[in-house]
Amino acid sequence: MQRVITHTTRLPRADEKDGVDYHFETSASMKKLHLLEEIKYDQFQYGSSFESLEEGWKNGHNDVIVLDTAGAITYHQKLGSKAVIIFLTVTHIDALAKRMTLRGDKISAIRSRLHSKEYHRDLALPDALKGIAHVVVNDQWKKTKEQVDAIVKQILSK
């Protein structure tokens, strides 16, 4: 499986590298891309390009991409059953803020994200993905990995 590198206009975190973690863009460069989906999330633009997807497809890979719920809905609408949606959630919402802190996000960025309408929208599986998305509670990484591996194995065996 190949991870799709998505695009964003936000600045890189200290340990992030352009072309590895994201393609870091300007507003102008984002407009030049052929995006399958795009979203504004906590004041920044995010999107996935057809070029990034096609890179994996031409090499015979199954692509893996991290999306918000709006992006997942768009993928389902545009790609149908070719898009397997896995919705990761947590039992305790406070765990998300702790994870952001541990990965080195600035306090101001954490506060902004936690108060964004997009963050609150993504806390629950939207109606448009009910019966479509596989829901996995991501409280313990080992258990989460086992569940995701089982979903992938089931999909690939079809």
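All but one of (1) modelled with pLDDT of 95 or more; (2) farther than 30 Å from GLU54 by Cβ; (3) polar (S, T, N, Q) hold for THR144, so report the exception by its number.
Looking at each condition in turn, THR144 falls short on (2).
Exactly one condition in (1) surrounded by 12 or more Cβ atoms within 10 Å (Cβ to Cβ); (2) assigned to a loop (DSSP other than H, G, I, E, B) is false for ARG111; which is it?
Failing condition for ARG111: (2).
Conditions: (1) more than 23 Å from ARG121 (Cβ to Cβ); (2) under 13 Å from the mean Cα position of the chain (by Cα). ILE39 meets all but one. Number of the miss?
The number of the failed condition is (1).
Please work out which one of (1) farther than 29 Å from ASP139 by Cα; (2) touching a strand residue (DSSP E or B) at 6+ places or on another chain (Cβ under 7 Å); (3) not aromatic (Phe, Trp, Tyr) is the condition LYS32 fails and give its number.
The number of the failed condition is (2).
Among ASP68, ASP139, ASP127, ASP122, which is the only one that is modelled with pLDDT of 90 or more, in contact with a helix residue (DSSP H, G or I) (Cβ under 8 Å, 6 or more places away or on another chain) and more than 21 Å from THR6 (Cβ to Cβ)? Reasoning before the result, please.
Numbers: ASP68 fails: more than 21 Å from THR6 (Cβ to Cβ); ASP127 fails: in contact with a helix residue (DSSP H, G or I) (Cβ under 8 Å, 6 or more places away or on another chain); ASP122 fails: more than 21 Å from THR6 (Cβ to Cβ).
Just a single option satisfies the conditions, and that option is ASP139.
In the stretch 114-143, which residue that is surrounded by 13 or more Cβ atoms within 10 Å (Cβ to Cβ) and part of a loop (DSSP other than H, G, I, E, B) is nearest to the chain's Cα centre (by Cα)?
Selected residue: ASP122.
Looking at the stretch 50-69, can you tell me whether even one residue there is assigned to a helix (DSSP H, G or I), of a type in the set (Val, Ile, Thr) and under 15 Å from the mean Cα position of the chain (by Cα)? Talk me through it step by step, then tell me what you get.
To start, the set of residues in the stretch 50-69 that are assigned to a helix (DSSP H, G or I) comprises 50-58, 69.
Within this subset, residues satisfying the condition of being of a type in the set (Val, Ile, Thr) are 69.
Keeping just the survivors that are under 15 Å from the mean Cα position of the chain (by Cα) gives 69.
Among the residues of the stretch 50-69, at least one is assigned to a helix (DSSP H, G or I), of a type in the set (Val, Ile, Thr) and under 15 Å from the mean Cα position of the chain (by Cα), which makes the answer yes.
Where the second residue is of a type in the set (D, E, K, R) and in a loop (DSSP other than H, G, I, E, B) and the first is farther than 15 Å from ALA109 by Cβ and lies in the stretch 1-27, which pairs have Cβ atoms under 6 Å and are six or more apart or on separate chains?
Here the result reads HIS7/GLU25, each pair linking the stretch 1-27 to a residue that is of a type in the set (D, E, K, R) and in a loop (DSSP other than H, G, I, E, B).
For residues in the stretch 31-57 being among the polar types (S, T, N, Q) and surrounded by 13 or more Cβ atoms within 10 Å (Cβ to Cβ), which is nearest to MET1 (Cα to Cα)?
Here the answer is SER52.
Of the conditions (1) assigned to a strand (DSSP E or B); (2) surrounded by 18 or more Cβ atoms within 10 Å (Cβ to Cβ); (3) among the aliphatic types (A, V, I, L, M), LEU88 satisfies every one except a single condition; which number is it?
(2)
From the residues in the stretch 44-65 that are polar (S, T, N, Q) and at pLDDT 90 or above, which one is farthest from LYS158 (Cα to Cα)?
So the residue we want is GLN45.
Would a scan of the stretch 8-30 turn up a residue that is farther than 26 Å from HIS120 by Cα, surrounded by 15 or more Cβ atoms within 10 Å (Cβ to Cβ) and not assigned by TED's automatic domain parsing to the domain that holds LYS117?
The answer is no, given that none of the residues of the stretch 8-30 is farther than 26 Å from HIS120 by Cα, surrounded by 15 or more Cβ atoms within 10 Å (Cβ to Cβ) and not assigned by TED's automatic domain parsing to the domain that holds LYS117.
Of the conditions (1) out of contact with any Leu (no Cβ under 8 Å at 6 or more places or on another chain); (2) assigned by TED's automatic domain parsing to the domain that holds ARG103; (3) not β-branched (Val, Ile, Thr), GLY56 clears all except one; give me its number.
GLY56 satisfies every listed condition except (2).
The values are calculated or read from the model by the stated rules, or taken from the named source; none is laboratory data. Please read all numbers here as calculations on a predicted model, not as lab measurements. Virtual Cβ from ideal backbone geometry, glycine too; neighbours counted across all protein chains shown.
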